Amino acid sequence: MTSGTPGDPKPSPTAPIDVTAWVGSYPFREVPHPEPATLVQVLAREGLGGAWVGSLPGAFHRDPLPANRTLYQALAPHRAWLHPVPIVRPDWPHWERQLAEAVTEGAPAVSVHPTRWGLGDGHAAVDDLAHACGEAGVVIHCPVRFEDLRQRHRLDSAGDVSAAFLRRLVRGAEGRAGVVVAGAGRELIEEVWWGLTLAEQQRVWFDFHWVWGPPEDHFAHLVETVGPGRLAWSSWWPLRLVQQAGALVDLLPVAARRRLAAEPLADGRSIQAATQARRGVPSAG
Amino acid sequence: MAPRGRRTLTPAPTRMLPPSPASPPLVDLPLLDVHAHFHTPASNRSDWQRYNDARLEAGDRIGVRCHVASVLGSWGATSPTYFTSPRDQSAANRWMLDFADQHGPRVRAYVAVNPNFTAHALAEITRGVADGAVGIKLAAGRKADDALLDDIAAAAAEHDLPVLQHVWQHRQREWPGQDASDAVELARLAARHPRTRFLLAHIGGGGDYAHTFPAMQPFPNLVCDLSGSGIDRGMLDAALGGVGARRLLWAADLTLCTALTKWRALAHTGADAEALADIAWRNAVRLFPAGTFDAVLGDVRPPREDA
């Protein structure tokens, strides 16, 4: 799964891999150039080495199967850069086939959208998915929102994913599934992080794109308390400006920048490696 | 700025920061942050001084030459942030003017007022002008098109001050904690006061900015700032296409990180060097009273006077 188109630049093997990007249209507003070829150019320009890419329209569909097929086809010419993150809806008949197909396609992660499916915090299907992903060595990617609450369309009424859901997701799966939480701010991150055991904390990462920098300095606080290794690079293409993660890092106070020099931020590569290494290993938590 | 009559001052921060960073700024054009805030000892947070220091330090790192700032009462400690009591607002303005004094040209002050108390608001403006205020800040104590704002808008014109108006982009309903306005409502005020210059706040500060630009478009005395935590792709393109670079001002409000992000993204919108300079600082020079930024812009040429 490392083919690429002749027009694509060659990705750097050491540059961070973005854990949150999508292709396709968004139902509530125009997003410029949501196509894969443009994403590749932007990733190269911003110094990223690739991206985990989901289907943006698929997040709003009931049956994710057609969107997943479209995603695989759209990313196929750019697989050196773009790694598919298909949607697996665990309350849908034969969802296990979707997970199996994701493994076959080389997906590093699968995406879940529980509030859009009406899956509450204690839904048994979520535990089943977490267990299966742990067995398969596939990360679960969970965006908690797509837009700021203050600008949402009236039809976008699903609400944000709760900390309770995220804690349940991480605690489940007998300790093997890795979870990436995307789009959380400081409060949600801390409500999840400090609600987990030390062992459970080792299988969750937070995409930091929505965390505030100075003067509140929430990002610096999380670098200090949660640690750089649990905070992951992301671009949020095509919904948000891709420069945000870099701006947050550039504006860290000196002490936090020193911490980063000793302990790098997480990215898709490091998260996938950690999750695969844990595959089949029983939890100590 | 000329020395002013001394006021009864709130104690100022004891930790003064160096005026310039050790390393070159991240942005190579001078930036003027026209939407900044600071906290005071009366704020309901114990880290108010750390917050202020962090703002100045991050501003230095980015390349902000001047923070034009306001304090909204006690930030909720003794009266609501958007419905400040006259006593809280007077104390906040005193503190802000003093803070600007201490930091010289690096910080300039808005005088913030609650339009529900018209006589107090007008007195604050008069006093603020005497003490060096360079603009008027209106938060969300009253809808922007309310007749209560007319005297304030007239005072702004009389004193040659711009008015920074807090705006909820496309406010479709009332939100808790504020009597927020949107661009249509501010445009009504701008239409009634064509000699007054209005700065529509934070297109990234919540709501639907796509509604804002067409509402602003017919009113040349209405410009907007880019601040706010919202960093939607498409926002900057819509702003440039909707009102043009001459009516956009770079700013940060509560998040300097998103302000830096927007600045970096502007380079990929097709905006040329002239447009970038307009957004970074030249539009601010045009908007604020003559000489407001002279001390921090000595190394760059002034904008053309055909503005």
Q.
Any residue that is away from chain B (no Cβ under 12 Å) and either among the aliphatic types (A, V, I, L, M) or closer than 30 Å to B:Ser46 by Cα (or both) - is there at least one of those in the stretch A:237-246?
A. no
Q: For A:Pro108, work out the one condition from (1) under 19 Å from A:Gly183 (Cβ atoms); (2) modelled with pLDDT under 95 it doesn't fulfil.
A: (2)
Q | Matching residues in the stretch A:186-205 - criterion: being buried (at least 17 other Cβ atoms within 10 Å of the Cβ) and not in a helix (DSSP H, G or I) | A | A:Leu196, A:Gln202, A:Arg203, A:Val204, A:Trp205
(Q) List pairs: first residue in the stretch A:121-132 and closer than 13 Å to A:Val88 by Cβ, second residue in a helix (DSSP H, G or I) and not polar (S, T, N, Q) anywhere in the structure, Cβ distance under 6 angstrom, at least six positions apart or on different chains. (A) A:Ala130/A:Leu169; A:Ala130/A:Ala173; A:His131/A:Ala173; A:Ala132/A:Leu99
Q: Please indicate, with yes or no, whether at least one residue in the stretch A:211-225 is without any contact (Cβ under 8 Å) to a residue 24 or more places away in the chain, in contact with an Asp or Glu (Cβ under 9 Å, 6 or more places away or on another chain) and within 20 Å of B:Asp53 (Cα to Cα).
A: yes
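When you go through A:Arg269, A:Arg258 one by one, which is the residue that is out of contact with any Phe, Trp or Tyr (no Cβ under 9 Å at 6 or more places or on another chain), within 30 Å of B:His39 (Cα to Cα), away from chain B (no Cβ under 14 Å) and of a type in the set (D, E, K, R)? Break it down into steps so the answer makes sense when it comes.
Working: A:Arg269 fails: within 30 Å of B:His39 (Cα to Cα).
Step by step, each of A:Arg269, A:Arg258 is checked, and only A:Arg258 is out of contact with any Phe, Trp or Tyr (no Cβ under 9 Å at 6 or more places or on another chain), within 30 Å of B:His39 (Cα to Cα), away from chain B (no Cβ under 14 Å) and of a type in the set (D, E, K, R).
Inspect the stretch A:148-162 for any residue being assigned to a helix (DSSP H, G or I) and more than 14 Å from chain B (Cβ to nearest Cβ) and give the result as yes or no. Please lay out each step first, then the result.
Going through the stretch A:148-162, the residues assigned to a helix (DSSP H, G or I) turn out to be A:149-151.
Those left that are additionally more than 14 Å from chain B (Cβ to nearest Cβ): none.
Within the stretch A:148-162, none of the residues are assigned to a helix (DSSP H, G or I) and more than 14 Å from chain B (Cβ to nearest Cβ).
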Q. Do we find that B:Arg106 is out of contact with any His (no Cβ under 8 Å at 6 or more places or on another chain) and surrounded by fewer than 22 Cβ atoms within 10 Å (Cβ to Cβ) in this structure?
A. no
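Can you tell me which of A:Ala158, A:Ala124 is in contact with a Gly (Cβ under 9 Å, 6 or more places away or on another chain) and surrounded by fewer than 19 Cβ atoms within 10 Å (Cβ to Cβ)?
Numbers: A:Ala124 fails: in contact with a Gly (Cβ under 9 Å, 6 or more places away or on another chain).
It is A:Ala158.
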**Q.** Residue in the stretch B:48-88 that is farthest from the other protein chains (Cβ to nearest Cβ), counting only those that are in contact (Cβ under 8 Å) with a residue 60 or more places away in the chain and among the basic types (Lys, Arg)
**A.** B:Arg65
(Q) If I go through the stretch B:154-212 residue by residue, how many of them are within 14 Å of another protein chain (Cβ to nearest Cβ) and of a type in the set (S, T, N, Q)? (A) 4
Q: Within the stretch A:112-127, count every residue that is assigned to a helix (DSSP H, G or I) and in contact with a Cys (Cβ under 9 Å, 6 or more places away or on another chain).
A: 1
**Q.** Residues satisfying the stated conditions in the stretch A:237-268, i.e. assigned to a loop (DSSP other than H, G, I, E, B) and farther than 19 Å from A:Trp212 by Cβ
**A.** A:Trp237, A:Pro238, A:Glu263, A:Pro264, A:Asp267
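The values are calculated or read from the model by the stated rules, or taken from the named source; none is laboratory data. Note that this is a predicted model, so its numbers are computed, not measured. Quick reminder, even Gly has a Cβ in these numbers, built from the backbone with ideal geometry, and neighbours come from all protein chains shown.
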